[in-house]
Amino acid sequence: MEDLERLYKTHYAAVVRFLYRKIWDADRAEDLAQEVFIRAMAHQPDKPRAWIFAVAANLARDEARAAIRRRKHLVLLKDDPVPLSTPEPSAEEAVEHDERWAQVTGALAALTERDREVLLLWDAGLSYPEIAAQTGLAVGAVGTTLARARKRLTEAYDRTEYQADAARS
Amino acid sequence: MRHVPDEELHPYLDQALSRSQCVEIETHLAQCAPCRDRRDTIAALRDRTTALLGQLTPRNLIIPPPFEALAERLSRRPVTPLWQIRLKRAGLWAAGVMAAVGTGWVGRSVLDPHPDQSTAVQEGLAPLASAVELGSVAAPINDLPVSAPSADQVSTTPLPLPEAAPRQELRLASAAHRSTIIPAPMLQLASALTPMPERSGDVALSTRLEGSTPFGPLWQQVQWEDALEKAGSGLPYIEGMLVIGVLLRPGEGGERPTSLVAQQDPSGELVLSIEGPLTKVMEIVKSQGAPEIHASEWTRTPPDYVPAPGGTTRRINRVLTVTGRLSADSLNVLARLATIR
């Protein structure tokens, strides 16, 4: 239980971010992250870190299905409000932040599901073997997938930025 | 000199390679400027990816609630017993199996609504029908005409089901009208009730088909109510499936009888629930030598306590198993559904 508590303190934010990047709802991401750790307490998994992200991915998938059933929009819209922390940014900063945020989410959405999953797991701090175990890839293929995902993400982001600049001018 | 491919530089920068692989790459990088440039490019790409993803943060500061609060929430949750979870899973699994089997049955009847009754089928049916007077048979999906037997041909009443279920009763008292009935259940019964090993007073099926029961004189074909009375608490059946017949073999030395309940699943397959002393049930299962016939795992049933020399009692372990031409997994599920009456 102590290990889990330590893991909770060190990884809670990473799990929230991981979930948020899948369901795009900050409050719900926090709810689900807490649910993940509650389940971990009940199950006491042998490899808690990998287990936590596997359960988080499953919960995010269930949430996405439920959202589809509720006919909610899962694809990010540019007008979606972005929760921000204090201090409140200026209006100009907020607009700029929103725009950049929409570009990144658009770039992330352009990736294949597998590339996106591997990239998000890597960003959440999972090791190659842990990513391989969760995604079903060979450990050797994780590096290749990550290389491709990183390249495509930045290319897609640059493309949207170029289009945004062209629209402004 | 082999250059380091991008696919290796990414895990190298992610520190996902072994020490020896890192040393190998670093040795190469020390003497290869193009690879160093590519390493720097990939490192920049990696940092940029991290920065881009860093913008997709719900809040700049994510503060976890106290760990104790989660523990308290967990303690307030109702605990579902493991057996309930397993029972639910088994039920879902069984429902899936039944749905698949039912779909296959319907599909078969749609594709071949009037199956030919070959000579072999007739031959396979004839001796058994005379040997085993079956109480009832599930109605085939396509209702074929059944000639009504005369009063003197009908010697017994239909075998009642444990639970009321829609069915069509077909009498099989004589060979005169056998040919009008789809023989699948009886044919399967004939092949499923394969011979018992020859023992004193107990004769193999092949030589006793003209007798009263397929298992020899020790086995009795009985009506459900009689069987309940004779078998006491040991009459096994699977709810929701038609009962085709019941065979009982009296126990020895104070044992309860060994019982065999033949039932038909929705696809027409015959399933036998056998309950009795462990050694006797094992004998029956072993005697069903056909490779396509499987048996479920044993389920313990209430034991017999029989008098033993010296005024003591001896415990005879009893088990239940379900056999048939289904997969062992399906039979295991059916065995879990089996009820002892």
Do you know which of the residues in region A:97-117 that are more than 11 Å from chain B (Cβ to nearest Cβ) and free of Cβ contacts under 8 Å to residues at least 24 places away in the same chain is nearest to A:ARG150 (Cα to Cα)?
-> A:THR112
Please find, within region A:32-54, the residue that is nearest to the other protein chains (Cβ to nearest Cβ) out of those that are part of a loop (DSSP other than H, G, I, E, B) and not polar (S, T, N, Q).
-> A:PRO45
A:LEU74 fails exactly one of (1) modelled with pLDDT under 85; (2) of a type outside the set (Gly, Ala, Ser); (3) closer than 16 Å to A:PHE18 by Cα; (4) assigned to a helix (DSSP H, G or I), namely (4)
With respect to the numbered conditions (1) under 26 Å from the mean Cα position of the chain (by Cα); (2) at pLDDT below 80, which one is the sole condition not fulfilled by B:LYS230?
-> (1)
Would it be correct to say that A:ALA109 is within 17 Å of the chain's Cα centre (by Cα) and either modelled with pLDDT of 90 or more or on the phi > 0 side of the Ramachandran plot (or both)?
-> yes
Quick one: is A:ARG21 surrounded by fewer than 22 Cβ atoms within 10 Å (Cβ to Cβ), in contact (Cβ under 8 Å) with a residue 24 or more places away in the chain and either touching an Asp or Glu at 6+ places or on another chain (Cβ under 9 Å) or more than 10 Å from chain B (Cβ to nearest Cβ) (or both)?
-> no
Which numbered condition B:GLY104 fails, given (1) in a helix (DSSP H, G or I); (2) at pLDDT below 70 = (2)
B:GLY54 passes all but one of (1) more than 20 Å from A:ALA141 (Cα to Cα); (2) within 9 Å of another protein chain (Cβ to nearest Cβ); (3) touching a residue at least 24 places away in the same chain (Cβ under 8 Å); which number fails?
-> (3)
Going through region B:41-56 one residue at a time, which ones are farther than 20 Å from A:ILE131 by Cα and surrounded by fewer than 12 Cβ atoms within 10 Å (Cβ to Cβ)?
-> B:ALA44, B:ALA51
Check region B:58-70 and report whether any residue there is more than 30 Å from A:ASP98 (Cβ to Cβ) and at the interface with chain A (Cβ under 7 Å from one of its Cβ atoms).
-> yes
From the list B:ARG86, B:ARG46, B:ARG36, B:ARG19, which one is under 26 Å from A:LEU121 (Cβ atoms) and more than 14 Å from chain A (Cβ to nearest Cβ)?
-> B:ARG19
Of all strands (runs of 3 or more DSSP E) completely enclosed by region B:269-341, which ones contain at least 2 residues that are at pLDDT 85 or above, closer than 19 Å to B:LEU247 by Cα and not acidic (Asp, Glu)?
-> B:270-277, B:312-324
Selection count, region A:139-169, where residues are more than 13 Å from B:PRO11 (Cα to Cα) and within 12 Å of another protein chain (Cβ to nearest Cβ) = 11
Residues in region A:78-97: is at least one assigned by TED's automatic domain parsing to the domain that holds A:LYS151 and at pLDDT 85 or above?
-> no
Quick one: is A:ARG6 out of contact with any Phe, Trp or Tyr (no Cβ under 8 Å at 6 or more places or on another chain), of a type outside the set (Val, Ile, Thr), within 8 Å of chain B (Cβ to nearest Cβ) and part of a helix (DSSP H, G or I)?
-> no
Looking at this structure, is A:ALA29 within 11 Å of chain B (Cβ to nearest Cβ), over 18 Å from A:GLN134 (Cβ atoms), in contact with a Leu (Cβ under 6 Å, 6 or more places away or on another chain) and surrounded by 18 or more Cβ atoms within 10 Å (Cβ to Cβ)?
-> yes
Filtering region B:290-324 down to residues that are within 10 Å of the chain's Cα centre (by Cα) and in contact (Cβ under 8 Å) with a residue 60 or more places away in the chain yields B:VAL322, B:THR323, B:GLY324
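The values are calculated or read from the model by the stated rules, or taken from the named source; none is laboratory data. Please read all numbers here as calculations on a predicted model, not as lab measurements. Heads up, the Cβs are rebuilt from the backbone with ideal geometry, glycines too, and the neighbour counts pull from every protein chain shown.
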